[in-house]
2 protein chains.
Amino acid sequence: MDHNTVSVKVALNAWQTNIDRCTKLINGLSDDQLLKEIAPGKNRGVYLIGHLAAIHDVIPEILGLGRRANPILQPTFIDAPDKTIDKIPSVSELRQVWTSVHERLKNEFLKMTPEAWFVRHESMSDADFEKDPTRNKLAVLVNRTNHLSYHYGQLILLK
Amino acid sequence: MDHNTVSVKVALNAWQTNIDRCTKLINGLSDDQLLKEIAPGKNRGVYLIGHLAAIHDVIPEILGLGRRANPILQPTFIDAPDKTIDKIPSVSELRQVWTSVHERLKNEFLKMTPEAWFVRHESMSDADFEKDPTRNKLAVLVNRTNHLSYHYGQLILLK
């Protein structure tokens with residue numbers, strides 16, 4: 001296995017391991033638990049699930065794999081902080097979105113060659129990428145994995 | 001820049017970005033704030049700083065770069081949960097350990113070639129590594145970065 005393949009595999013393993021443990025945590029929490037705040041005055045579990053699903057829903061656009069499936073999530077879970085929007089999707093709706101967003105990503109990632117991860121991501125210009133070749137699709141994956149870990153560390157407080 | 005160099009740079013950027021933002025957060029919190037629990041009944045900030053410093057102190061051993069500098073941290077911050085050990089280092093001592101552990105790592109990482117990250121880490125046998133070449137030093141760095149993000153997501157609740 002060449003080193004490019006290895007480094008992409010390392011990043012994909014980290015992504016999938018963190019998605020799997022977060023999915024397991026969410027599946028083990030009741031709707032009532034997810035409606036609680038992770039700490040007094042902080043985000044609710046339901047908001048963090050919607051937020052992660054919304055951010056991950058956009059990944060195909062950044063990687064050039066097609067449009068997001070759930071644009072309706074952005075105003076509530078990316079643009080607005082928690083507890084500022086009255087009507088948000090139910091926990092059970094969000095559980096379904098969570099599943100479909102991550103199944104799509106799993107399938108898309110399986111189809112990508114190792115080389116495809118070293119191409120610039122869609123929000124970079126060619127000129128900027130020439131200056132900094134680390135702004136590639138692999139970096140998007142690595143950054144999203146760390147963002148996921150960050151909120152997973154908060155969701156686990158609901159246990 | 002070849003792809004190996006790029007992928008190592010992506011992982012090192014993620015590590016250093018997360019260390020820097022966590023250091024900034026810790027520097028902005030008072031000793032009193034760090035002695036509080038991140039959520040009712042959960043770990044205190046001081047424990048999480050000690051825990052991250054202890055885990056990062058061990059990284060040179062796993063990467064084959066020499067012995068850890070602060071073995072005294074392990075019993076309190078790795079082997080034992082928070083609030084089970086009466087006498088723990090002061091916040092101000094832990095702030096100093098935090099700085100020295102991360103300066104050492106920064107210097108060591110600068111000296112490593114990209115190729116060095118694709119070698120097996122010290123807790124793997126040659127035979128196991130042959131079976132799974134993703135169990136390399138790069139994977140250790142990626143996993144520690146995610147572990148850091150996880151606890152950073154908790155420490156930020158103290159703000």
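Can residue A:82 be described as of a type in the set (Asp, Glu), in contact with a helix residue (DSSP H, G or I) (Cβ under 6 Å, 6 or more places away or on another chain), within 14 Å of another protein chain (Cβ to nearest Cβ) and in contact (Cβ under 8 Å) with a residue 12 or more places away in the chain?
yes
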Turns out the helices (runs of 4 or more DSSP H) fully within the stretch B:1-68 with at least 1 residues that are closer than 17 Å to residue B:79 by Cβ and out of contact with any strand residue (DSSP E or B) (no Cβ under 9 Å at 6 or more places or on another chain) are B:45-62
Going residue by residue through the stretch A:7-14, is there one that turns out to be among the hydroxyl-bearing types (Ser, Thr, Tyr) and within 17 Å of the chain's Cα centre (by Cα)? no
Candidate set from the stretch B:128-151 (those that are within 15 Å of residue B:116 (Cα to Cα) and without any contact (Cβ under 8 Å) to a residue 24 or more places away in the chain); member that is surrounded by the fewest Cβ atoms within 10 Å (Cβ to Cβ): B:129
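Looking only at the stretch A:95-127, filter to residues that are small (Gly, Ala, Ser) and surrounded by fewer than 16 Cβ atoms within 10 Å (Cβ to Cβ); which one of those is modelled with the lowest pLDDT? Even if it seems obvious, please write down each step before you answer.
Keep residues of the stretch A:95-127 that are small (Gly, Ala, Ser), which gives A:100, A:116, A:123, A:125, A:127.
Adding the requirement that they be surrounded by fewer than 16 Cβ atoms within 10 Å (Cβ to Cβ) leaves A:100, A:123, A:125, A:127.
Details: A:100: 98, A:123: 85, A:125: 91, A:127: 92.
So the residue we want is A:123.
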Of the residues in the stretch B:3-57, those that are in contact (Cβ under 8 Å) with a residue 60 or more places away in the chain, surrounded by fewer than 20 Cβ atoms within 10 Å (Cβ to Cβ), of a type in the set (Val, Ile, Thr) and within 12 Å of chain A (Cβ to nearest Cβ) come to B:5
What helices (runs of 4 or more DSSP H) completely inside the stretch B:88-159 contain at least 3 residues that are more than 10 Å from chain A (Cβ to nearest Cβ), among the basic types (Lys, Arg) and out of contact with any strand residue (DSSP E or B) (no Cβ under 8 Å at 6 or more places or on another chain)? B:91-111
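The values are calculated or read from the model by the stated rules, or taken from the named source; none is laboratory data. Source: prediction; values computed, not measured. Neighbour counts are summed over all protein chains in view; Cβ atoms, including those assigned to glycine, are modelled from backbone coordinates with ideal geometry.
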